[in-house]
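Chemist: Below: one structure in structure tokens.
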Amino acid sequence: MKIAIASDHAGYPLKEPIMELLQSIGHEVLDLGAHQVDPDDDYPDYARYVGQAIQHEQAERGILICGSGIGACVAANKLKGVRAGVCHDTYTAHQSVEHDDVNILCVGARIVGICLAEEVVRSFVGAAFSGEPRHARRLEKINAIEAAG
């Protein structure tokens, strides 16, 4: 699977280990920055980069890392077709994909350490949307809300 990844300065220390993990388990990684620590960078920019990679089908899924995961998630969800979720445990990481077809995982580098982050990422990339009628029905309702603006 091709996975777009980006972080702001707060998420930067976690980004490289996550990229290495993804590559080691057979995924292709699209690194959309940051490429160095810049305390003046802003998470909405990176959320837009990853969200647009999803929109333009340059990646199947995305991972955003900021301080808490919240800001990047809020920003990413402003993009049409993006369903981002903050997950700091393995259950929500796989359940968000299986039930809600989440396509961007948001993680807070100030919330979780590298070992837990790696488990969360493994759970996220290993999950697939269930397609169960109740989940499909709910996804259709989410898409209708998005289309209505």
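Chemist: Please compute the contact order of the chain in relative form: average sequence separation of alpha-carbon pairs under 8 Å and at least six residues apart, divided by the residue count, as a percent.
Modeler: In percent, rounded to a whole number, it is 23.
Chemist: Taking the Cα atoms of segment 76-142 alone, what are Rg (to one decimal) and Dmax (as a whole number) in Å?
Modeler: When restricted to the Cα atoms of segment 76-142, Rg and Dmax are 12.3, 37 Å.
Chemist: For segment 29-149, take N as its residue count and report Rg(C-alpha) divided by 2.2 N^0.38 Å.
Modeler: Ratio of Cα Rg to 2.2 N^0.38 Å: 1.04.
Chemist: Using only Cα atoms, find the angle between the long axis of helix 133-148 and the longest principal axis of the chain, and express it within 0 to 90 degrees, rounded to the nearest 10.
Modeler: Approximately 80 degrees, to the nearest 10.
Chemist: Taking the Cα centre of segment 2-148 as the origin and placing charges on Cβ (Lys, Arg +1; Asp, Glu -1), which of His135, Leu79, Ala47 is farthest toward the positive end of the dipole?
Modeler: With unit charges placed on the Cβ atoms, the residue in question is His135.
Chemist: Going by a 4.7 Å Cβ-Cβ cut-off, which cysteines of the chain have no partner at all?
Modeler: Isolated Cys, the chain: Cys66, Cys87, Cys115.
Chemist: Sticking with this structure for a sec: Any idea what angle helix 43-55 forms with the longest principal axis of the chain, computed on alpha-carbon atoms, 0 to 90 degrees, nearest 10?
Modeler: In the chain, helix 43-55 runs at an angle near 50 degrees to the longest axis.
Chemist: Additional query: Taking Cα atoms, how many degrees apart are the long axis of helix 114-125 and the longest axis of the chain, rounded to 10 and kept between 0 and 90?
Modeler: Tilt of helix 114-125: around 30 degrees.
Chemist: Across segment 4-17, in residue order, what do the Karplus-derived ³J(HN,Hα) couplings come to in whole Hz, using 6.51 cos²θ - 1.76 cosθ + 1.60 with θ = phi - 60° and x for Gly and Pro?
Modeler: 7, 9, 7, 8, 8, 4, 5, x, 3, x, 8, 5, 4, x
Chemist: Another one. Suppose every Lys and Arg Cβ carries +1 and every Asp and Glu Cβ carries -1, with no other charges. What dipole size does the chain come out with about its Cα centre, to the nearest 20 debye?
Modeler: Approximately 560 debye in magnitude.
Chemist: Testing the spin-label approximation: label points 7 Å from Cα along Cα→Cβ at Val74 and Ile142. State their distance in nm.
Modeler: Distance between label points: 2.0 nm.
None of the figures in this text is laboratory data; all of them are computed from the coordinates on show. Quantities reported herein were computed from a predicted structural model and do not represent experimental measurements. In this analysis, Cβ positions are derived from the backbone assuming ideal geometry, glycine residues included, and neighbour counts consider all displayed protein chains.
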